[in-house]
Each structure stands twice: as structure tokens, then as C-alpha cells.
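Read the figures in this text as sums done on the coordinates, not as results from a lab. What you are looking at is a predicted structure, and each value in this text was computed from that prediction instead of being measured. Every residue, glycine as well, gets a Cβ built from its backbone with ideal geometry; the counts of neighbours run over all protein chains shown.
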Amino acid sequence: MDENSQIKSRYSLSSAGAAGSLFLKEICNKPNSRVSGTTLFGLDISFLQQICEIITSQPQQSITPVNNHKRCFAELTSQSQKNKRISMAGKEIATQTLTILKKNKFTSSSEEIIASLETIVLKINGEIVELNFNSDNNTADFTRHLDSIIRSCDETLISRDSYRRLAKAVPNLIREHVVERRRNEITIETNTLVPIKLFNIHSVNFDDGNDDENQQDVSGIEFNDDDVDIIIPILTASMPPVLKVGDKISIRLSGDGRNVGRKQKHVMLTMCVLNEEEAVLSPAHQYSICLYLGKESYDSLSTVSAKFSHELEQLKTNGYKDSNNTIWPVELFFSGDWKFVALVLGINAATSNYFCLYCNCHKDERYNMDKVWLNSKNTRGRKNTMLFQEIDQNNWIIDELHLMLRISDVLFQCLFYELIKKKDFANDTQTLIIAEMKRLHIHFEFYPPATKNGKWEWTSLMGPDKEKILKDFQIKQLFDGRQATRGQDIEHLWREFYRLYKIMRQKSITDEEIDQFEADAKQWIRDFCRPTIGNLNDANQQEGMYLRTDITPYMHVFAQHVPQFMRYLKQKGMVLRHFSTSSIEKKNHQQVRLFFGGTTMGGGKSKNPVIHDILCYEN
Ligand SMILES: [Zn+2]
């Protein structure tokens, strides 16, 4: 540049040295200066070359000039503006990439481009943005991928918000809105397949006698009744098929109530297909058919029963007709804990004189193992009409879980109360018991009575811990030398009950094993209430075990009815363990944790009550 800011240039085509001479002579006006050595001319070759290449390779496409009317990205306030800008840039990158790919011969022999731009990750002001270019978002693969994301979110309780946050941090996660769109599609699909209906029932007076705290206990019932239509095709299609044409479908209904929070109760009816055998023991194979907030009460359950009555009757008499018009015969069963079954059967509470779910035994005869009580019907302790009459009397099967839970409660109570009466309980014995529990890896504590006439209490235990105690807890050491045999007798009682319980839960059983079980269970009851023989203070006196009145309804069922259930089921190719409510207990627990534990699914603020959400979630 000269003094007047005019650009002057000289060039030589012969050599760099000649150009240098020209430069000195004509521009710098130093004709006598000489250049020696190497002269370097800095030129932005790479930039020129780039421009050159773009122009030559795509003569038809012009480079988008920088648009000065555009606001800079940092000034954009709304997310939609930002998204628009990003997607515009993405589109340009995509078209230009095509050119680059073409130029670099990412082609087949017939000149077709075989490479494609899939994703670009931009970091804009620290925020990671991923641009996806693949157009096959609607392929089956992608849908399956989305479904698996939705499923894992549901199972691990990841809410919409959490997912959105996660997707922000991990750029190659699929965007939340894409997932949400698929979730809505699924919801619409399942709602047509398995409609969830809402209805309200308002029950007034209960004749339970113990319902003073909450008169109008049922706020609403949600239920879906087309589960069978969904489950059966799955079972026939599975490999190997659970159901083969010609099979009879055995459906077990169950019911259970559970406290959710301090005041609320939540009652659930579930069904499962017993043909699935061992699989029914998993909570995932229990399908909720009805759920309501409120107590287990005859009135509310009769409303529920009425809703199902027609359908159950249809299934029972006409079988189930699938989409291929194949008719599957159906047999219905029911199992649940004592309280629930007594309610549904319309029988008096377990404490009443005619207490039994299956016979007319009087409570004073519970201890008597010389009597035989056939599985039939309690006709003497009835206070309401039986509900779910579509289910045959013989198909109300006892639940082994609650039988074990309640009988072990009695065994623990009998022992602990006996020990508590002794002088050294508060000091020595208590410590010994806790140490023994610790050996079995069970957390256990005693709570002294709060009032003068109060009772000692202790940690309430779950099923698996109870089994451990029945199997391994050492009782002998809790009794001093003179009473050592008593400790041994009690220990034997516990072990024997545990052994018999395991037989109840066998995956298969022979007729001989059932006969032996019956004899042993009856002997166990006799041992349990063995009376004292001989006179008090007599050296030969043989101390009795427990009282006849300590024999509970579950113990009566254990010795009298369980063997008959075993035979009945065996002849149908079934076993008692599949009627356990353990899986329902687990399911109920899961649902309570999921929906009442503060987690909000679907972004919360649902118009529907929480039970509706539960059923939606299940589907
Ligand atoms: Zn009975």
C-alpha cells in the first residue's frame, strides 16, 4: 500500500526472486537494493483452496451468505427460536455433507452415495445439542427401542422430568418429547385394548361393628375387565406355549387389602392364569382387575362382585372365545387371606363360634383331631350372601402364606409369653433371644409394656425371617436344666411345623406324601395341645404343652382341610403353592410404594385419581 492507501501490486511469472526485485524497484523505489537468500511470500493458501474447491465442486449450489438480519444465537430467548435456528443450521450441514461425501467418493460403483450423516453434536455456549439426521425414526427397530426406554423408565420409576434432565446431560439419549409421544401412543393403544373404567360407589352403614372411624369409606373403584383378552393370546403365542388348544384355562382371582398411610386403605383384586405354573409366583404375573381406596368391607366388595358377576358367569359356562373363534374352557378359583375370604364368603369373623371357611366345625372342637371335617361349606356362621358365586365352593383354596405367617405368630407368642412370665426375662432371657436372632441375621427387639398391665411386644417379622426362625432358632438354651426337655419339645414343635409347611409348598407331591402329611399334621395339633398327665407336684407328672383353646382357625385348616386341598388339586394337575398370595403381597407393596410414596408418574398433576394411574401403569 502506498502513501495514498492505494493498493499496488507487481508480479512476475518467471521466479520469486524476479518478483522480489520488481517489488523493491517499483514499489519501494529502491532500484539498487538486491535480494539474496530465500524470499517468503505469505499467502492464505488453505483458505483460497477451500473457496476454490467449493466453487468448483458445486457450481449449482451457492454458499449461503451470512445473513446480517439474523439475531445472534445468544440473543435468542425462546427455546423454539433456538430450536429453529439449530435445525436450520442442521439442514445446511446436511446438504453440504452430501456434497463432501460425493466429492470424496463415498459411493457405490454405480455412483450412489452409500454414506449418510447420522448425528452431529454441537456445543453451543457450553450446552450440548445433538442433531439427528436419520430419517427412519418410525421403523420397527426404533419403536422397539423407544418401548424399551419407556419400560425401563416405568420399572425404575424415572419420571418425565428426571428423564428430561438426564437427556440434557447425556446428549445421545433420545429426546424426552420423542419418548413421550410414543408413551402417549401406547396409552391410547392399551386404553382401547384394556379399557379402564371408573365408577363410584358410596357405601353407608357397615355391619362390621368396627368401622366407626370412617363411614363413607369407598371413594372410587377403577377396574378393567378385558384382561383375559390380552393375556390369553400372549400365553398361546409364547414359546413354548403355556396354553395349547384344548387346554382348560384355570384363572385364580385373589384379593387383598393394605394400609397406605395412616388412614387410607387400598383394596386390590388380581387375577392370574394358573396354567403359567411357577410363573404365577412372580408379581409381574398378577394382573390387577380392580382397585379401590377404602376398607375391605362386604358392601364395597359386593359392588365389585356385581360388576364382575356377568363376565365370570360367561367365562365359566361358555368358556373364553379368542380372536380365532377357538373356545377355551375356563375354571375359576379364588384364594386370599382369611379375613378377605371370610368377607367375600359372607362368613362370620374368625373369632366366632362357627368360624371355618370350609366347614361347620365349632371353635370348641378345633383341637379334636379324631373328628373329620370334609371340605364343604360353612352353613352355620353365615351372615351375608356369598359373593363371587360363580366360583365353585371347592375352588376357594387356602393361601399357604398366611397360614404359615399366622401359625408362626402363635408359636412365637406362646414361647415368648411363657418366658416373659419368668423372673429373669428382662435381664437374661431377653438378651439370649436377641443374640440368637442376631445369629440368624434377623433384626429383633422386645418392647416392655408401657402400662402396669400392658403386654410385652416385639418386632413384627416378615415371612422369610419367620421361616428362618422356625427352621433354626435354638430354644433349648432358653430353659434351665430342670426344664430342658420342655425347650426341646417346643423346638420340635417349631421344626415339625416348618417341615410340614415345606411339604405344603412342594412342586409335586405323591398320594402317599399327602396321606403322611395328613397324619403328621394331625399329630402336630395333638402335640401342640397335649394335656398335662399326672397330678401336680407328682414326680411322674408330664407337663402339657399348650391349651386346646390356643388352637387357631388356621391350625384347624392346616390339619383338617389342607390335605383335602392337596388331593383335590393333585387330581387337577395343580399344587397348593400356586395359590399362595405371596406374589400379590409383593405386588401390592410395589404399587403402594410406587404411587403413594411421592413419586409422580407422567409429570404428576393427573386429573385421574391415583388408582387410575396404577392401572394405567400396569397396562
Ligand atoms: Zn373347617
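Things to note:
- Take the Kirkwood radius over Cα pairs of segment 475-580, plug it into Stokes-Einstein at 4 °C and 1.567 mPa s, and you get 84 µm²/s for translational diffusion.
- Rounded to whole Hz, the Karplus (6.51, -1.76, 1.60) HN-Hα couplings of segment 511-526, x for glycine and proline: 4, 5, 5, 5, 4, 5, 4, 4, 4, 5, 5, 5, 4, 4, 5, 4
- Amide H contacts under 5 Å for Gly336, placed H, 5+ residues apart: Asp399
- Convex hull projection area averaged over all views, segment 238-378, Cα basis, nm²: 11.6
- Note on segment 384-446: percent of Cα-Cα distances in each 10 Å bin, starting at 0 and stopping at the bin with the largest distance, equals 17, 31, 22, 11, 16, 4.
- Sequence-distant residues sharing a close amide H with Lys265 (under 5 Å, placed H): Val260, Gly294
- Around Ser78: net Lys/Arg minus Asp/Glu count, Cβ-Cβ under 14 Å: +3
- Cα-based radius of gyration of segment 402-576 once divided by 2.2 N^0.38 Å, which approximates compact folds: 1.14
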